[in-house]
Amino acid sequence: MKKLLFLLSAMVVFFLNACGDDSSSNAKNDVAGSSENFVESSATESAESSSSEVENIASSSSESVADSTEADVPAVDSAASEKMLVAYYSFTGNSKAIVETLTGMISADVVEISPVEKADFAANNYAIGDALIDTINKNPDAESSYPAITVSTEVSLANYSEVIVVAPLWWSQMAAPMQTYLFKNSKELANKKVGLIVSSHSSGISGVEADAKRLLPGNNFTASLSIKAADFSSRETKIADWLKKEF
């Protein structure tokens with residue numbers, strides 16, 4: 001009987017130990033699983049958070065670059081793209097001085113017209129100049145009526161949308177060498193914006209304006225600028241005001 005009780009007691013102890021080991025093992029497994037799940041969850045959240053931050057940074061950087069690129073592109077001023085030519089003839093030097101003042105205020109190419117015949121056009125009260133003007137008036141449509149000229153620079157007039165003509169007045173009309181230039185280039189100067197600056201002693205310039213419009217028909221003429229002897233010292237102000245209004 002004692003032996004039987006001993007065996008039963010031993011079996012109970014063995015059974016209890018086995019259950020305890022399983023519970024401990026299961027508990028350890030539960031803890032390990034929980035830790036692994038926590039590590040995986042934390043790693044996943046961290047990776048997702050980092051990915052999100054990287055995407056946000058990349059997006060912000062792209063937007064900044066785009067904004068910077070747009071900000072760096074200057075607005076195109078259509079007026080600035082207009083190309084201008086200044087054509088002038090000067091006998092006494094007054095028209096040349098006007099051109100030097102003018103071109104100090106604008107960006108333009110400059111062409112100087114000179115007569116082939118080097119004569120004193122002002123002699124005997126502009127007798128030679130008057131004779132040249134008279135020849136033109138008799139037959140203004142004939143090339144032979146105009147005195148021969150040379151130009152300082154050959155340019156392609158098709159490249160210009162605006163032209164400023166600067167010339168002196170001879171006997172109430174445009175000086176003959178400048179008339180030759182406009183006559184010879186009337187087709188190439190068609191359909192352009194034309195400004196006229198006239199140098200004179202004291203006379204009105206309506207005759208010079210009439211010559212310009214006859215030689216360049218159909219062009220868009222601005223208001224003309226007259227610079228008389230009394231205005232010469234203040235030409236800078238007059239030219240600046242004229243440019244502001246007309247160009």
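The values are calculated or read from the model by the stated rules, or taken from the named source; none is laboratory data. Just so we're clear, the structure is a prediction, and the values are computed from it rather than from any experiment. Cβ placement follows ideal geometry from the backbone for every residue including glycine, while neighbour counts extend to all protein chains displayed. Each accessible area value is taken on the protein alone, full model and side chains, heavy atoms only, with ligands, DNA and RNA left out. Shrake-Rupley method; radii C 1.70, N 1.55, O 1.52, S 1.80 Å.
Which residues, counting only those in the stretch 96-135, are of a type in the set (Phe, Trp, Tyr) and not in a helix (DSSP H, G or I)? Matches in the stretch 96-135: 121 only. Within the stretch 135-151, the set of residues being surrounded by 14 or more Cβ atoms within 10 Å (Cβ to Cβ) and hydrophobic (A, V, I, L, M, F, W, C) comprises 136, 149, 151. Of all residues in the stretch 168-223 being among the polar types (S, T, N, Q) and part of a loop (DSSP other than H, G, I, E, B), which is farthest from residue 128 (Cα to Cα)? Among them, the one singled out is 191. When we screen 190, 223 for residues that are under 23 Å from residue 100 (Cα atoms), without any contact (Cβ under 8 Å) to a residue 60 or more places away in the chain, within 31 Å of the chain's Cα centre (by Cα) and surrounded by fewer than 17 Cβ atoms within 10 Å (Cβ to Cβ), the only hit is 223. Selection of the stretch 63-119 for residues being at pLDDT below 95 and either closer than 20 Å to residue 189 by Cβ or open to solvent by less than 20 Å² (accessible area, probe 1.4 Å) (or both) yields 81, 82, 83. Filtering the stretch 96-124 to residues that are free of Cβ contacts under 8 Å to residues at least 24 places away in the same chain and touching a helix residue (DSSP H, G or I) at 6+ places or on another chain (Cβ under 8 Å) leaves 119, 120. Please specify each residue of the stretch 152-182 satisfying the condition of being open to solvent by 50 Å² or more (accessible area, probe 1.4 Å) and either of a type outside the set (Val, Ile, Thr) or more than 33 Å from the chain's Cα centre (by Cα) (or both). Of everything in the stretch 152-182, those that are open to solvent by 50 Å² or more (accessible area, probe 1.4 Å) and either of a type outside the set (Val, Ile, Thr) or more than 33 Å from the chain's Cα centre (by Cα) (or both) turn out to be 152, 154, 156, 158, 159, 171, 172. Looking at the stretch 193-220, which of its residues are surrounded by 15 or more Cβ atoms within 10 Å (Cβ to Cβ) and within 23 Å of residue 240 (Cβ to Cβ)? Hits for the stretch 193-220 are 193, 194, 195, 196, 197, 198, 199, 200, 205, 208, 209, 212.
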